[in-house]
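Coordinate-derived values only; no laboratory data. Computed from a prediction, not measured in an experiment: that's the story for all the values here. Here the Cβ is made from the backbone with ideal geometry for all residues, glycine too, and neighbour counts use every protein chain on show.
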Amino acid sequence: MHIDRSRLARLRAEEAKLFEELHPRSAELAHEASRSLLSGVPMPWMTRWPGSFPLTVASATGSRFVDVDGIEYDDFCLGDTGAMTGHGLSAVADALHAQAKRGITTMLPSADATWVADELARRFGLPKWQMALSATDANRFVLRLARMLTGRPKICVMDWCYHGTVDETLAILGPGGEVVSRPGAIGPQVDPALTTKVVPFNDVAALESALADGDVACVLMEPALTNIGIVLPKPGYLDEVRRLTRSTGTLLVIDETHTICAGPGGCTVEWGLEPDFFVIGKPIGGGMPSAAYGMSGDVAATLESILGGDDVDVSGIGGTLTGNALSLAAVRATLSSTLRAEDFERMVPLAQKWTDGVRQGFQSVGLDWHVQRLGCRAEYWFCPPPTSGAEAAAAVDHELDAFMHLYALNRGILMTPFHNMALFSPAHTVDQVDRHTAVFGSAVRALTGN
Ligand SMILES: Cc1ncc(COP(=O)(O)O)c(C=O)c1O
């Protein structure tokens, strides 16, 4: 069904006005913040929220948060996965408090490091691990290691992927199939075509041809795209990726920073994947900055034989605060108290119910949208199901996004800002899903005049 753009613009303006009326204190604080913070925010993406200023959060607990105007929200964004465990976990707070008093960072291992690595190995099946402070860093480190191990200069990523602020990955396919910088990427170090090959997700022939020259160190990918809507792999696609990477001596890096939503072992365990490197960030520290990368026994054996010389401190892999005792205490507390099988047994049915409610909502007004779920993550998109990132990107509709987000926010529901994504923590409830279903239904009825 065609969206009436003038109706959409009018509805959006009404919601923008309501947002300003509801949040006088956030408006004041945003005004004060613009005195000393660039664009009034501590991090550029925080300008991407749908109102004319960002909400200031007073507190966040479980699946809810309260803003400085005293309004409570159901949080389906969960810090874009950073708080997938729910906010303010007491196990994490206690561990942080106890560890902070015993020292935060010494550049020596704490005993928690071994507990964490043992647990990561048990969960994800890769035997050896290293820590990082963000998934971005973990990906950067793995790309360096892959280039060193293979002696090859390039990496290969999926069109419209996102793996953090990693230079080599901010690349897409241009209109003629050439590699170009991703729109919005600021100040690329070099032309990304020099460092990166880009292939469409779900396209085996394109991957085969990208790897044929033997100049690709690794394929870095999510097992399902999650950053341009959710795009699931076609049956057999990931097997072909593994076959082609093995037959061409290319390492396979699976980034499960978001796809941990599929289950306690991520897609790697759910779907029986066999990566050479595995990256995880965001939720493993219950919100504390922490990430990790794991590697196969073969990779680890080679690395242990060549790393560790006198110049390891200037290798480009490290970070003075990486592996600090506070982050490790947070990861230990998180992995021992949440993101377990029993948590997913709660979270996944909630995501399914949310998906059913959204589908019913757009179908009942005749909209040809789709909604996709992967474990405890679900997302709707304004087109029939895409099979590649480019198809999903072509359906991005910023005006529609802004209206849907603002309409939800004004009724106490926070969605993830760059997506129409909802994520579920163990703290979410059926009531929250029902509230979303009702609000989504009234938004699409307002939009279509039904
Ligand atoms: C798949 C994936 N990998 C890595 C990252 C980077 O995470 P961070 O920004 O915490 O470094 C993201 C962020 O959204 C992501 O979606």
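Could you tell me which of rounded, prolate or oblate describes the range 127-231, using a ≥ b ≥ c as the square roots of the eigenvalues of the alpha-carbon gyration tensor, with rounded for a/c under 1.5 and, failing that, prolate when a/b is larger than b/c and oblate otherwise? Note, shape of the range 127-231 comes out rounded.
Diffusion coefficient of the range 170-239 by Stokes-Einstein, Kirkwood radius over Cα pairs, 10 °C, 1.306 mPa s: 118 µm²/s.
A cut-off under 15 angstrom between Cβ atoms defines the neighbours of Pro200, and their net charge, with Lys, Arg +1 and Asp, Glu -1, is -4.
Available extension along the chain between Ser34 and Glu208 is 57.7 nm, counting 0.36 nm per residue and deducting the alpha carbon span. Once the mean of 1/r is taken over each pair of separate Cα atoms and inverted, the chain shows a Kirkwood hydrodynamic radius of 23.0 Å.
Mind running the shape call on the range 137-180? Use the C-alpha gyration tensor, a ≥ b ≥ c as the square roots of the eigenvalues: rounded below 1.5 for a/c, prolate if a/b tops b/c, oblate otherwise. Oblate shape, in that a/c is at least 1.5 and b/c is the bigger or equal ratio. Computed from the Cβ-Cβ distance with R0 of 45 Å, the FRET efficiency linking Asp313 to Asp239 stands at 0.65. Projecting the Cα atoms of Ala330, Gly316, Ser296 onto the charge dipole of the range 281-342 (Cβ charges, centred on the Cα centre) puts Ala330 farthest toward the positive pole.
Approximating the spin labels as points 7 Å out from Cα along Cα→Cβ, the Ile186-to-Asn450 distance works out to 4.2 nm.
Here Lys197 is the anchor, and the lysines within straight C-alpha reach of less than 18 Å, apart from those fewer than 8 places off in the same chain, are Lys154.
Sorting 193-199, 295-301, 355-361, 340-346 by their mean Cβ neighbour count within 10 Å, with the most densely packed peptide first, gives 193-199, 355-361, 295-301, 340-346. What is the range 1-116 by shape, rounded, prolate or oblate, if you read a ≥ b ≥ c off the alpha carbon gyration tensor as root eigenvalues and call it rounded for a/c under 1.5, prolate for a/b larger than b/c, and oblate otherwise? Cα axes put the range 1-116 in the prolate bin. A cut-off under 13 angstrom between Cβ atoms defines the neighbours of Arg64, and their net charge, with Lys, Arg +1 and Asp, Glu -1, is -4. Placing a label point 7 Å from the Cα of Ser336 along the Cα-to-Cβ direction, the residues of the range 110-125 whose backbone N falls under 18 Å from that point are 110-123. Subtracting the Cα-Cα distance of His2 and His97 from 0.36 nm times their residue separation leaves 28.8 nm of extension gain. Nearest 10 degrees, 0 to 90: what angle lies between the long axis of helix 297-306 and the longest principal axis of the chain (Cα atoms)? So the inclination is approximately 60 degrees. Taking label points 7 Å from Cα along the Cα-to-Cβ direction, Asp397 and Ala13 give a separation of 2.0 nm. Set the Cα radius of gyration of the range 341-450 against 2.2 N^0.38 Å, with N its number of residues, and you get 1.03. Taking only the C-alpha atoms of the range 190-300, Rg followed by Dmax gives 14.3, 42 Å. Taking 0.36 nm per residue of separation and subtracting the Cα-Cα distance, full extension of the segment from Gln360 to Ser305 would add 14.1 nm.
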